[in-house]
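Report on one structure; see the data block that follows.
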Amino acid sequence: MGKGGGGGGPPAQQTVTQTNLPEYAKPYFENIMQRAQAESYRPYQAYGGQRIAGFTPAQQATQAETAGLRSPQQLSDASNIAAQSAFQASQAGQQFAPGQFSTIMAQGPQLMQYQMGPAMGVSSQQVSTGSFAQPGVAEQFMSPYIQNVVDIQKREAIRDAQKAQLAQNLGAARQGTYGGARQTLAATERERALGQRLGDIQATGSQAGFQSAQQAFEQEQARRLQAQQATGQMGLQAALANQQAGLTVGQQNLQALLGTQQLGAQQNLQAQLANQQQMLEAQRMAEQSRQFRGTLGLQGLQQSMAGAQTLGQLGTAQQQANLQRIQAQAAAGAEQRAYQQQLADQQYADFMRQRDYPMEQLGYYSNLLRGIPVGLGSTQTTYAQPPSLASQAAGLGLAGLGLYNLGRG
């Protein structure tokens, strides 16, 4: 754009250049601008679908089942059974006590005090002597401690037998052979030996006491006879001879009676010992039966404990099976939920593409237009300062002169 000269006045002329689209391209550019303006006015469109997949019915069922999962009843039952069995077993062990066997002291019958009769047929002068067979004579010469010693020996023998029996019973109980045939034979032999020992002690003590009394009596008689010899040796010797003969016969008779009595006493003692053995056997059988019942009770408690353990294992197995089943159901529900989530994501992606499709097309359309080589046209308009009146007159004159010359030619 050029400028006129002089004096700071308005420019002599002014040029305005306008750039215009080609007519064939103008509708397209106007269309894209209108569409872009319309898209910019369009309000935000919210997605009405579900973005997050909810829990599936299978997952809700497994969640409810997991929340409601409780300890199996078998575990509680097993715990109660085990506690009761342990308590009963401890009570049974504290209350059980082995039976106490007792024996009856077998005593032989008291021996009768037989009296030896006087010698018969003595025709010579009778010597005034006492008779050993007279009532109370033998007791006067017998030691009062003989029977006490015999009783002590018999009591100690019975006590030793009881100790041996108790030791053997305890040993058999520890070895588990209590009540066996071997123990029975040993007990029978021990009782037989005890009876024989008691009879020997009684017989030996009685015989020793009798002989001691007889010797004391004879010594007394000898002293009396020696005193009477001072008054009549001949008659006394004859009387002594007769008396000695009578004493010999009486002693023989007395020994025969004592032998018969000792045999009867020994048989009676053996019968008592046999009865006592039967009583001990009955007690042993009763104790064995009681121990058998106790063993059965303990075995029953052991079976209860084993049943409680099995019941607890079944409860644990059932709980594990439930957990595995719930885990499998949860995995299936998770697969279903993952599929639902995939569908929801796909629907949201489709919605986004559908919503933005016009903008994508508009951008595609705009890219196409920007890529076309369109030549823009330009128009220049020049504005000049109006001429003065003198210039206008001169101009008109020159114009007229030109027309005149043109006409003449």
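Here is how the numbers come out for the structure above:
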item	result
Boolean, Gln140 is at pLDDT 70 or above, more than 60 Å from the chain's Cα centre (by Cα) and polar (S, T, N, Q)	no
Criterion: of a type in the set (S, T, N, Q) and in contact (Cβ under 8 Å) with a residue 60 or more places away in the chain - qualifying residue of Gln299, Gln272	Gln272
Residue list for the stretch 237-292, restricted to those being among the β-branched types (Val, Ile, Thr) and exposed (fewer than 13 other Cβ atoms within 10 Å of the Cβ)	Thr248, Thr260
Neighbours by Cβ (under 8 Å, 6+ apart or cross-chain): first from the stretch 192-204, on the phi < 0 side of the Ramachandran plot; second of a type in the set (D, E, K, R)	Leu198/Lys154; Ile201/Lys154; Gln202/Lys154
Test: Thr295 is surrounded by fewer than 16 Cβ atoms within 10 Å (Cβ to Cβ), within 21 Å of Ser206 (Cα to Cα) and among the hydroxyl-bearing types (Ser, Thr, Tyr)	no
Inter-residue pairs, beta-carbon under 7 Å, first touching a residue at least 12 places away in the same chain (Cβ under 8 Å) and in the stretch 350-368, second of a type in the set (Lys, Arg) and part of a helix (DSSP H, G or I), 6+ apart	Leu362/Arg35
Residue among Ala265, Ala286 that alone is touching a residue at least 40 places away in the same chain (Cβ under 8 Å) and in contact with a Leu (Cβ under 8 Å, 6 or more places away or on another chain)	Ala265
Selection from the stretch 34-55 of residues that are within 60 Å of the chain's Cα centre (by Cα) and surrounded by 10 or more Cβ atoms within 10 Å (Cβ to Cβ)	Gly49, Gln50, Arg51, Ala53, Gly54, Phe55
One residue from Ala321, Ala328, Ala344 being surrounded by 12 or more Cβ atoms within 10 Å (Cβ to Cβ) and among the small types (Gly, Ala, Ser)	Ala344
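Yes/no per residue for (1) more than 30 Å from Gln302 (Cα to Cα); (2) part of a helix (DSSP H, G or I); (3) of a type in the set (Gly, Ala, Ser); (4) free of Cβ contacts under 8 Å to residues at least 40 places away in the same chain:
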{"position": "Gln34", "(1), (2), (3), (4)": "yes, yes, no, yes"}
{"position": "Ala61", "(1), (2), (3), (4)": "yes, yes, yes, no"}
{"position": "Ala64", "(1), (2), (3), (4)": "yes, yes, yes, yes"}
{"position": "Ser71", "(1), (2), (3), (4)": "no, no, yes, no"}
{"position": "Ala86", "(1), (2), (3), (4)": "no, yes, yes, no"}
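Conditions tested, residue by residue: (1) of a type in the set (Val, Ile, Thr); (2) farther than 30 Å from Pro22 by Cβ; (3) modelled with pLDDT under 60.
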residue: Ile326; (1), (2), (3): yes, yes, no
residue: Arg355; (1), (2), (3): no, yes, no
residue: Gln361; (1), (2), (3): no, no, no
residue: Gly371; (1), (2), (3): no, no, no
residue: Leu376; (1), (2), (3): no, no, yes
residue: Leu398; (1), (2), (3): no, yes, yes
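This table checks each residue for (1) buried (at least 17 other Cβ atoms within 10 Å of the Cβ); (2) in contact with a strand residue (DSSP E or B) (Cβ under 7 Å, 6 or more places away or on another chain); (3) modelled with pLDDT under 80.
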{"residue": "Ser123", "(1), (2), (3)": "no, no, yes"}
{"residue": "Pro144", "(1), (2), (3)": "no, no, yes"}
{"residue": "Gln162", "(1), (2), (3)": "no, no, no"}
{"residue": "Gln165", "(1), (2), (3)": "yes, no, yes"}
{"residue": "Asn169", "(1), (2), (3)": "yes, no, yes"}
{"residue": "Tyr178", "(1), (2), (3)": "yes, no, yes"}
{"residue": "Thr184", "(1), (2), (3)": "no, no, yes"}
{"residue": "Ala187", "(1), (2), (3)": "yes, no, yes"}
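Rundown of residues vs (1) under 21 Å from Gln202 (Cβ atoms); (2) touching a helix residue (DSSP H, G or I) at 6+ places or on another chain (Cβ under 6 Å); (3) in a helix (DSSP H, G or I), yes/no style:
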{"position": "Val249", "(1), (2), (3)": "no, no, yes"}
{"position": "Gln255", "(1), (2), (3)": "yes, no, yes"}
{"position": "Gly264", "(1), (2), (3)": "yes, no, yes"}
{"position": "Leu301", "(1), (2), (3)": "no, yes, yes"}
{"position": "Gly307", "(1), (2), (3)": "no, no, yes"}
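The values are calculated or read from the model by the stated rules, or taken from the named source; none is laboratory data. Everything numeric in this text was worked out from a predicted model, so none of it was measured. Positions of Cβ are backbone-derived with ideal geometry, glycine not excepted, and every protein chain shown enters the neighbour counts.
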